[in-house]
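One structure below.
The values are calculated or read from the model by the stated rules, or taken from the named source; none is laboratory data. Computed from a predicted structure; not experimentally measured. Note that each Cβ is placed from the backbone with ideal geometry, even for glycine, and that neighbours are counted across all protein chains shown.
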Amino acid sequence: DSGVTQTPKHLITATGQRVTLRCSPRSGDLSVYWYQQSLDQGLQFLIQYYNGEERAKGNILERFSAQQFPDLHSELNLSSLELGDSALYFCASTAPGQGSSGANVLTFGAGSRLTVL
Amino acid sequence: AQKVTQAQTEISVVEKEDVTLDCVYETRDTTYYLFWYKQPPSGELVFLIRRNSFDEQNEISGRYSWNFQKSTSSFNFTITASQVVDSAVYFCALTDNDYKLSFGAGTTVTVRA
């Protein structure tokens, strides 16, 4: 168990729907990252939050949004879902003081597998 | 732009054989960090090693070893005396200081008993 908790583990939904993926970082970690793993795109960085503030943005679609709450858990909202959004979505966290360095060692959760039918 | 290439898509070996995974990277930065992660069949991503661009020392951790060569922009990973539990997808990744890890496509290692 990495200490990063992601729910749900599996989610099946239909095109056009909206889902929310939840992530609880390791105790004490301030940074949360979201990654998408799909067959055609591989592992792609979506977005990073540090202590509630958006820190960096990657290849995140406009239909997707995220936030980090005061208790440091994070949610990734995916709307107007398309078949191509089917993927494994990972959350990762890093320890305090590492949020400002590219040398971060990311601790990943087990992922949320989204299937869009 | 940063790029990580793992040319080997799949490698299959018999238990106790050694296996080397290749990783070639591209970056314009002088300061950067390289990583290897393992993704077992259960799906989670497990950190194996981090190396910064100023540290070209090779590293050994148990049956795992890493060879970093800046001259060839390579950061190869060897599993010695492989075991069935080593079966997984292995990812090489690169970042400078912009928080984004660029992952390679991954190499699937299958170790047969």
Every residue in the range A:46-66 that is out of contact with any strand residue (DSSP E or B) (no Cβ under 6 Å at 6 or more places or on another chain) and either among the hydrophobic types (A, V, I, L, M, F, W, C) or closer than 20 Å to A:Val19 by Cα (or both), please. A:Leu61, A:Glu62, A:Arg63
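If a residue counts only when it is within 11 Å of chain A (Cβ to nearest Cβ), which strands (runs of 3 or more DSSP E) contained entirely in the range B:69-113 have at least 1 such residues?
Details: elements: B:74-79, B:88-95, B:107-112.
Per the criteria, B:88-95.
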Only one of (1) in contact (Cβ under 8 Å) with a residue 12 or more places away in the chain; (2) farther than 23 Å from B:Ser102 by Cα; (3) not β-branched (Val, Ile, Thr) fails for A:Ser31. Which number is that? (2)
Restricted to the range A:1-51, and to residues that are within 14 Å of chain B (Cβ to nearest Cβ) and small (Gly, Ala, Ser), which residue is nearest to A:Thr115 (Cα to Cα)? A:Ser38
Quick check on the range B:3-51: of everything there that is closer than 16 Å to B:Tyr64 by Cα and of a type in the set (S, T, N, Q), which residue is nearest to the other protein chains (Cβ to nearest Cβ)? B:Gln39
Boolean, B:Ser61 is surrounded by 14 or more Cβ atoms within 10 Å (Cβ to Cβ) and more than 10 Å from chain A (Cβ to nearest Cβ): no
Which one is surrounded by the most Cβ atoms within 10 Å (Cβ to Cβ), of the residues in the range A:2-13 that are of a type in the set (A, V, I, L, M) and over 12 Å from A:Leu76 (Cβ atoms)? A:Val4
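Can you tell me which residue is modelled with the lowest pLDDT among those in the range B:7-34 that are aliphatic (A, V, I, L, M) and surrounded by fewer than 12 Cβ atoms within 10 Å (Cβ to Cβ)?
Start the filter on the range B:7-34 by keeping residues that are aliphatic (A, V, I, L, M), which leaves B:7, B:11, B:13-14, B:19, B:21, B:24, B:34.
Checking the rest, the ones that are also surrounded by fewer than 12 Cβ atoms within 10 Å (Cβ to Cβ) come to B:7, B:14.
Values: B:Ala7: 94, B:Val14: 97.
The extreme case among them is B:Ala7.
For the range B:29-52, name all the residues that are part of a loop (DSSP other than H, G, I, E, B), more than 19 Å from B:Thr108 (Cα to Cα) and in contact (Cβ under 8 Å) with a residue 24 or more places away in the chain.
Let us first name the residues in the range B:29-52 that are part of a loop (DSSP other than H, G, I, E, B), namely B:29-32, B:40-45.
Filter once more, keeping what is more than 19 Å from B:Thr108 (Cα to Cα): B:29-32.
Within the range B:29-52, B:Asp29, B:Thr31, B:Tyr32 qualify.
Within the range B:1-36, track down each residue that is over 13 Å from the mean Cα position of the chain (by Cα) and of a type in the set (A, V, I, L, M, F, W, C). Please lay out each step first, then the result.
To start, the set of residues in the range B:1-36 that are over 13 Å from the mean Cα position of the chain (by Cα) comprises B:1-3, B:10-18, B:26-32.
Correct list: B:Ala1, B:Ile11, B:Val13, B:Val14.
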